[in-house]
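The values are calculated or read from the model by the stated rules, or taken from the named source; none is laboratory data. Since the structure is predicted, the reported quantities are computational estimates derived from the model, not experimental observations. Every residue, glycine among them, receives a Cβ derived from its backbone with ideal geometry; neighbour counts consider all protein chains shown.
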Amino acid sequence: MRISECDFLIIPGLHNSEEEHWQSRWEKRLATASRVVQADWSNPDPDAWVAAVQERVAEAKRPVVLVAHSLGVLTVARAAPLLVPNKVVGGFLVAVPDPELTVDQLPAIALFAPVPKAPLPFPSLLIASRNDPHCSFERAQAIALDWGSTVVDAGETGHINAESGHGPWPEGLMRLGHFLGQIS
């Protein structure tokens, strides 16, 4: 599948993705990309976040590739069974947080517990870091197994955000291109 043949829905996590974040950069760079906007980025309501994703998928004119980071990944997993069947052709999922782990660190993420266990109804990559402060690599592997996602080991790359040095993140963009090539 080519970039021009699909709509990319950028789904940020808690507090949105700042200007230097790879998601914001990709949104500007990919002509068919747009952000799923949430009413409140800092006080997430899981049902409202899921509804926003559902609405944007339903509005899409082309096949959809979901590009989610952090809490956006959990939002995608919750939304997946509610989405228009066969409209989403892929999920590029980066740095899933563990809502059970982050209860004390980031209480807003705990609202998304438990992590859905149902397989996602579309092909997906789950890119995980070995030193993400919000989810162990082993937990990310277990989540990917439940979802039927292919795990990509990003090494020791933190939370794969601007703070961890992933502004442009060209390696991620190459990985996205490879993933698109596998989608028919």
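Of note:
- Residue match in the stretch 97-118 (condition: assigned to a loop (DSSP other than H, G, I, E, B), more than 15 Å from the chain's Cα centre (by Cα), at positive phi and free of Cβ contacts under 8 Å to residues at least 24 places away in the same chain): no
- Some residue of the stretch 55-63 being touching a residue at least 12 places away in the same chain (Cβ under 8 Å) and in contact with a Lys or Arg (Cβ under 6 Å, 6 or more places away or on another chain): yes
- Residues of the stretch 65-90 satisfying the condition of being within 22 Å of Leu14 (Cα to Cα) and assigned to a loop (DSSP other than H, G, I, E, B): Ser70, Leu83
- Just one of the listed residues (Arg139, Arg62) is surrounded by fewer than 18 Cβ atoms within 10 Å (Cβ to Cβ) and either at pLDDT 95 or above or outside any loop (DSSP other than H, G, I, E, B) (or both), namely Arg62.
Okay, residues lined up against (1) out of contact with any Leu (no Cβ under 9 Å at 6 or more places or on another chain); (2) aromatic (Phe, Trp, Tyr); (3) without any contact (Cβ under 8 Å) to a residue 60 or more places away in the chain:
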| site | (1), (2), (3) |
| --- | --- |
| Ile127 | no, no, yes |
| His134 | no, no, no |
| Phe137 | yes, yes, yes |
| Gly148 | no, no, yes |
| Ile160 | yes, no, no |
| Glu163 | yes, no, yes |
| Pro170 | yes, no, yes |
| Ser184 | yes, no, no |
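- Every residue from the stretch 42-80 that is farther than 22 Å from Pro123 by Cα and under 15 Å from the mean Cα position of the chain (by Cα): Pro46
- For the stretch 33-46, the tally of residues that are in a loop (DSSP other than H, G, I, E, B), in contact (Cβ under 8 Å) with a residue 40 or more places away in the chain and buried (at least 17 other Cβ atoms within 10 Å of the Cβ) stands at 1.
- Of residues in the stretch 1-28 being assigned to a helix (DSSP H, G or I) and modelled with pLDDT of 95 or more, the one nearest to His178 (Cα to Cα): Trp26
- Exactly one residue out of Val94, Val37 is aliphatic (A, V, I, L, M), under 25 Å from Phe137 (Cα atoms) and modelled with pLDDT of 95 or more: that is Val94.
- The one condition from (1) buried (at least 16 other Cβ atoms within 10 Å of the Cβ); (2) of a type in the set (A, V, I, L, M, F, W, C); (3) under 23 Å from Trp169 (Cα atoms); (4) under 15 Å from the mean Cα position of the chain (by Cα) that Leu30 does not meet is (4).
- Criterion violated by Leu145 - all others in (1) touching a Ser or Thr at 6+ places or on another chain (Cβ under 9 Å); (2) more than 19 Å from Trp49 (Cα to Cα) satisfied: (1)
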